[in-house]
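Chemist: Pasting a structure here, questions to come.
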Number of protein chains: 2
Amino acid sequence: MAHRSRKEMIAETRAKLVAAARRAFGTVGYAEASMDDFTASAGLTRGALYHHFGDKKGLLQAVIAEIDAEMFARLKVVSTRADTLWRGFVDECTAYIEMALEPEIQRIVLRDGPAVLGDPSQWPSQSECIRSMTENLQKLRDEGTIVAIDAEAAARVISGASLHAAQWIANSDDPEATSKKAVKAFNVLLDGLLK
Amino acid sequence: MAHRSRKEMIAETRAKLVAAARRAFGTVGYAEASMDDFTASAGLTRGALYHHFGDKKGLLQAVIAEIDAEMFARLKVVSTRADTLWRGFVDECTAYIEMALEPEIQRIVLRDGPAVLGDPSQWPSQSECIRSMTENLQKLRDEGTIVAIDAEAAARVISGASLHAAQWIANSDDPEATSKKAVKAFNVLLDGLLK
DNA sequence: GATAATATCATACGAGGCGTATGTCAATAA
DNA sequence: TTATTGACATACGCCTCGTATGATATTATC
């Protein structure tokens, strides 16, 4: 059946554009990605892009929203399957670092995203991950496991440390060894939270 | 005296280009800065730019190197005038955060720089600040003030936390209140380092 | 079931930015 | 004084982006 309902066709077009852009942004980067090229690779033209996303930045937002939703889902799985809150939180941080090691995330979410869309702490999407972390920290506070600090502040500072550690690891000569050192240092800092 | 030695003329040209680019990059951003425009604002053309810096990226590198040298000098002053090593280190971290609050540094060094030149941990310049922090941590380790961890790893993780905290503060609705919360959370993490 | 209306997407056009190739002029060297 | 080198400007073509316009198919209306 070549023809499905109109809504499905539209959703498919949007999905194809997002997928093509994601591939292009993730490899050559946002600035180097030609709209003519990657829309053509999806069997479309820039006309479709401008119709659905307004401009190149709009498409980047859509790509980031998609990636971020995936990240959020992955974090959720990790944090909920641990047997203690603290353990779940630490696992979540580790998963955060591991995700930030992926080239696509580094390029699109951590480098081009901030440059094009401004500071990530203002994005509606990035807040998802931060909020997840914030909630866990709040519970740990209520539980009495960690010291009394502002949960969101801690979440932001910790995520910053994670992301930075990840980028250092990913771009080092010996990622294996660097990872060990970074995780150790990171855990030492986290211990500062414990009572 | 309109004409000075040739070397001085060249140095002046380079300085004018760097200054003009720094202004443009710091306000409208790297991507939006037109080479024709900001070279003209320095009384020059793109010809001079290509001759001295190769291309637009080369000029960005020069601008970042200049800013980074300034940051390094400021950090050095802060860390050396404290009466204890630990105090100097904490002050240095605070100064780091305060510098990262400045719009020019945020835009050029923290956002556009990484997007255009790749991960900062690979830059020769950024390493200056990290190395300063690493050295201090190493001394603190030798002194027995902090636990035994890899000094560079700790420096990188901490700087990541600082930068992230700074960006959160700078872009928040109430920077004053946010700053208090962030600094408190940050200090809690630092306490994790102490024996 | 025919027509009108609307939305989706393609095509065509103009503007601006980048990089290179070339030219000019001044300063140093011989 | 002349030759040479290097600093910088000018001119050109290519590519990319955004908009305005146009074609086509689907849904709505009667």
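The values are calculated or read from the model by the stated rules, or taken from the named source; none is laboratory data. Keep in mind that what you see is a predicted model, and the values were worked out from it rather than measured. Reconstructed Cβ throughout: ideal geometry from the backbone, glycine too, with neighbour counts over all protein chains shown.
Chemist: When you go through A:Leu101, A:Leu137 one by one, which is the residue that is in a helix (DSSP H, G or I) and either closer than 25 Å to B:Val116 by Cα or modelled with pLDDT of 95 or more (or both)?
Modeler: The conditions single out A:Leu137.
Chemist: Then there's this: Can you tell me which residue within the stretch A:147-157, out of those that are within 7 Å of chain B (Cβ to nearest Cβ) and in contact (Cβ under 8 Å) with a residue 12 or more places away in the chain, is surrounded by the fewest Cβ atoms within 10 Å (Cβ to Cβ)?
Modeler: Result: A:Val147.
Chemist: Which residues, taken from the stretch B:31-55, are surrounded by fewer than 18 Cβ atoms within 10 Å (Cβ to Cβ), touching a residue at least 24 places away in the same chain (Cβ under 8 Å) and within 22 Å of B:Pro120 (Cβ to Cβ)?
Modeler: Passing the criteria: only B:Ala31.
Chemist: What helices (runs of 4 or more DSSP H) lie completely within the stretch A:1-85 and have 1 or more residues being more than 14 Å from DNA strand D (Cβ to nearest atom)?
Modeler: The qualifying helices (runs of 4 or more DSSP H) are A:6-27, A:56-80.
Chemist: Pick from A:Asp55, A:Asp83: which is acidic (Asp, Glu) and under 30 Å from A:Leu140 (Cβ atoms)?
Modeler: Sole residue among the options that is acidic (Asp, Glu) and under 30 Å from A:Leu140 (Cβ atoms): A:Asp83.
Residue-wise test of (1) within 11 Å of another protein chain (Cβ to nearest Cβ); (2) surrounded by fewer than 24 Cβ atoms within 10 Å (Cβ to Cβ).
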{"site": "B:Pro114", "(1), (2)": "yes, yes"}
{"site": "B:Pro124", "(1), (2)": "no, yes"}
{"site": "B:Ser162", "(1), (2)": "yes, no"}
{"site": "B:Ile169", "(1), (2)": "yes, no"}
{"site": "B:Ser172", "(1), (2)": "yes, yes"}
{"site": "B:Ser179", "(1), (2)": "yes, yes"}
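Chemist: Output the residues belonging to the stretch B:181-195 that are surrounded by 23 or more Cβ atoms within 10 Å (Cβ to Cβ) and either more than 8 Å from every other protein chain (Cβ to nearest Cβ) or within 21 Å of the chain's Cα centre (by Cα) (or both).
Modeler: Once the filter is applied, which keeps residues that are surrounded by 23 or more Cβ atoms within 10 Å (Cβ to Cβ) and either more than 8 Å from every other protein chain (Cβ to nearest Cβ) or within 21 Å of the chain's Cα centre (by Cα) (or both), the stretch B:181-195 yields B:Ala182, B:Phe186.
Chemist: On to the next question. Can you confirm whether B:Phe53 is aromatic (Phe, Trp, Tyr) and at pLDDT 95 or above?
Modeler: Considered against the rule, which asks whether it is aromatic (Phe, Trp, Tyr) and at pLDDT 95 or above, B:Phe53 comes out as yes.
Chemist: Go through the residues of the stretch B:5-15 one by one and say whether even a single one is in contact with a Phe, Trp or Tyr (Cβ under 7 Å, 6 or more places away or on another chain) and within 13 Å of DNA strand C (Cβ to nearest atom).
Modeler: Scanning the stretch B:5-15, I find no residue that is in contact with a Phe, Trp or Tyr (Cβ under 7 Å, 6 or more places away or on another chain) and within 13 Å of DNA strand C (Cβ to nearest atom), so the answer is no.
Chemist: Then there's this: Which numbered condition trips up A:Ile108, out of (1) touching a residue at least 40 places away in the same chain (Cβ under 8 Å); (2) more than 12 Å from chain B (Cβ to nearest Cβ); (3) within 16 Å of DNA strand D (Cβ to nearest atom)?
Modeler: The failed condition is (2).
Chemist: Within the stretch A:36-60, can you find the residues that are aromatic (Phe, Trp, Tyr) and under 24 Å from the mean Cα position of the chain (by Cα)?
Modeler: Within the stretch A:36-60, A:Phe38, A:Phe53 qualify.
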